[in-house]
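Novice: Sharing a structure, written as structure tokens. Questions coming.
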Amino acid sequence: MAPTNDGSAKKVMNKGAWTEEEDKKLSQYIEIHGAKRWTAVAVKAGLNRCGKSCRLRWLNYLRPDIKRGNISDAEEDLILRLHKLLGNRWSLIAGRLPGRTDNEIKNYWNSHLSKKINHKEKALEVTTSKETMPEKLLDIVQGDIEDVKEIGNSKANFDAN
DNA sequence: AAATATTACAACCGCTACTAT
DNA sequence: CATAGTAGCGGTTGTAATATT
């Protein structure tokens, strides 16, 4: 811990897996002061971590509204559909799956779904059949697809510009 | 039962976008 | 308007857990 350093600029930060104690410090600090100003959070929470690391930990793990546990069939189906529509825009996809994070979905895609990519056509055909999708979810997807297309398009336009 | 391979996931890194000065 | 600092994104990696031989 401790200041450790001589005058020269860089502190050596912790890296790698978070300990329970670090988690606790981080959540406690954030509950009081909010999830903003990550560099300050890192320092003031007494964590020898960079802000970026704290942010990631909070967003992907500690944040209270995170849904844990396995991706349901319905969620998987939604991921497949959205990915077909959006490509690797994980954050956008995650936005349509309450409680799931971009990182989690990206991971899920890379490990579970990329092997299904071998039977890609089959998988996508299945997901386009409405019967396999619960009504509620279907509404969500269809409602959002317009939004999402717009976002996609405007980005494309911007890029092309 | 041990050794080795595979899988799954948390966390990192570099880059870009956004915001404020 | 330019520039600096911060937040966010997505690719990639390290490794712990699990499966296979």
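Novice: Here are the criteria: (1) open to solvent by less than 50 Å² (accessible area, probe 1.4 Å); (2) in a helix (DSSP H, G or I); (3) touching a residue at least 12 places away in the same chain (Cβ under 8 Å). Tell me which single one A:Ala40 does not satisfy.
Specialist: Failed condition: (3).
Novice: Do any helices (runs of 4 or more DSSP H) entirely within region A:50-150 hold 2 or more residues that are modelled with pLDDT under 90 and outside the structural domain of A:Lys24 (by TED's automatic domain parsing), and if so, which?
Specialist: By residue number, A:73-86, A:120-128.
Novice: I'd like to know if region A:19-31 contains one or more residues that are closer than 19 Å to A:Ala94 by Cβ and assigned to a helix (DSSP H, G or I). Quick ask: steps written out before the conclusion?
Specialist: First pass over region A:19-31, keeping only residues closer than 19 Å to A:Ala94 by Cβ: none.
No, region A:19-31 contains no residue that is closer than 19 Å to A:Ala94 by Cβ and assigned to a helix (DSSP H, G or I).
Novice: Also, I was wondering about something else. Considering only residues that are near DNA strand C (Cβ under 9 Å from one of its atoms) and crowded, with 19+ Cβ neighbours inside 10 Å, which ones fall in region A:89-104?
Specialist: A:Trp90, A:Leu92, A:Ile93, A:Ala94, A:Thr101
Novice: Let me ask something additional. For region A:15-37, give me each residue that is open to solvent by less than 30 Å² (accessible area, probe 1.4 Å) and of a type in the set (Asp, Glu).
Specialist: From region A:15-37, those open to solvent by less than 30 Å² (accessible area, probe 1.4 Å) are A:22-23, A:26-27, A:30, A:34; that's our starting set.
Those that are open to solvent by less than 30 Å² (accessible area, probe 1.4 Å) and of a type in the set (Asp, Glu): A:Glu22, A:Asp23.
Novice: How many residues are open to solvent by 40 Å² or more (accessible area, probe 1.4 Å) and away from DNA strand C (no atom under 13 Å from the Cβ) when one looks only at region A:43-66?
Specialist: 5
Novice: Does region A:62-76 contain any residue that is under 28 Å from A:Met13 (Cα atoms) and of a type in the set (A, V, I, L, M, F, W, C)?
Specialist: Yes, region A:62-76 has at least one match.
Novice: Under the condition of being within 14 Å of DNA strand C (Cβ to nearest atom) and farther than 13 Å from A:Trp109 by Cβ, which residue from region A:67-88 is most open to solvent (accessible area, probe 1.4 Å)?
Specialist: Only one residue fits best here, namely A:Asn70.
The values are calculated or read from the model by the stated rules, or taken from the named source; none is laboratory data. Please read these numbers as outputs of a predicted model, since none were measured by experiment. So basically every Cβ, Gly included, is an ideal-geometry build from the backbone, and we count neighbours across all protein chains shown. When the accessible area is computed, the model is the full protein with side chains, heavy atoms only, and any ligands, DNA or RNA have been set aside. Shrake-Rupley method; radii C 1.70, N 1.55, O 1.52, S 1.80 Å.
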